[in-house]
Amino acid sequence: MILVIGNRNYSSWSLRAWIALKVLGVPFEEKRIALYGPGSKQAILQYSPAGKVPVLIEDGTTVWDSLAILEYLAEKQRSLWPADPLLRARARSISAEMHSGFPNLRNHMSMNVRKRYPGKGRTPEVLQEIRRIDGIWAQAKGPFLFGPFGAADAMYAPVVLRFRTYEVKVSNKAYYEAVLALPAMQEWIAGAEREAESISKFEMYE
Ligand SMILES: N[C@@H](CCC(=O)N[C@@H](CS)C(=O)NCC(=O)O)C(=O)O
């Protein structure tokens, strides 16, 4: 199994697939492509005609889009979604909401693991989206959203890193800290710290 990802510092969508593989303990070969540089797009297109990371490749089949990758992993390892159908529907709703929503948070609080921008980016629309996420996390069963780490947690892992960068306070600190304390999350953060590239379009407040 191969997983193609972008820069650890910036690529929020890549983290979703990567952290799920790591927590599941699935062995995989990682190919990292530094995004938005000369040749970056061509490099991604070698793996996926959609031209976006993450991309998972297994036995000659390409799975692109983070949520599709999580669904594939969940079919191989059922533990990624709750066993109860109603809880599973709720976990899927939460995940779909993250996948297609929160545009203001994405625009004004882009992922930048290495930086700290306390208090920045808080437009009224961003604050509304933060309140919504806070409400979802407030209902976490513990330690993760539905007990053990699952696909919904993978979907929200990049938000934990955004909140760390912009120093957003949440009601359910235990959930935030449980995600941050995952060895896989710490490994991702350490990798982001080591990366050399700096993509100016994501360095928002300099
Ligand atoms: N819906 C896609 C979005 C993926 C996406 O936007 N990836 C960004 C990086 S975080 C990307 O590949 N950007 C590179 C480019 O557009 O050239 C998913 O969930 O996988």
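Could you tell me which residue of region 38-58 is nearest to Ile199 (Cα to Cα), considering only residues that are part of a loop (DSSP other than H, G, I, E, B) and more than 10 Å from the ligand (Cβ to nearest atom)? The qualifying residue nearest to Ile199 (Cα to Cα) is Pro38. Condition check for Ile69 on (1) assigned to a helix (DSSP H, G or I); (2) at pLDDT 95 or above; (3) open to solvent by 70 Å² or more (accessible area, probe 1.4 Å): one failure, at (3).
Out of (1) touching a residue at least 12 places away in the same chain (Cβ under 8 Å); (2) part of a helix (DSSP H, G or I); (3) within 19 Å of the chain's Cα centre (by Cα), what's the single condition that is false for Ala34? It fails just one condition, (2). Filter region 59-100 down to the residues that are of a type in the set (Asp, Glu) and within 14 Å of the ligand (Cβ to nearest atom) and list them by number. If the condition is that a residue be of a type in the set (Asp, Glu) and within 14 Å of the ligand (Cβ to nearest atom), then Asp65, Glu71, Glu97 are the ones that fit.
Those residues that are on the phi > 0 side of the Ramachandran plot and crowded, with 16+ Cβ neighbours inside 10 Å, I need them from region 27-41; list them, please. Once the filter is applied, which keeps residues that are on the phi > 0 side of the Ramachandran plot and crowded, with 16+ Cβ neighbours inside 10 Å, region 27-41 yields nothing. Taking the listed residues Glu129, Glu193, Glu167, the one that is open to solvent by 20 Å² or more (accessible area, probe 1.4 Å) and at positive phi is Glu167, with no other qualifying.
The values are calculated or read from the model by the stated rules, or taken from the named source; none is laboratory data. Computed from a predicted model, the values in this text were never measured in an experiment. Backbone-built Cβ (ideal geometry, glycine too); neighbour counts: all protein chains shown. Accessible surface areas use protein heavy atoms only, side chains included; no ligands, DNA or RNA. Shrake-Rupley method; radii C 1.70, N 1.55, O 1.52, S 1.80 Å.
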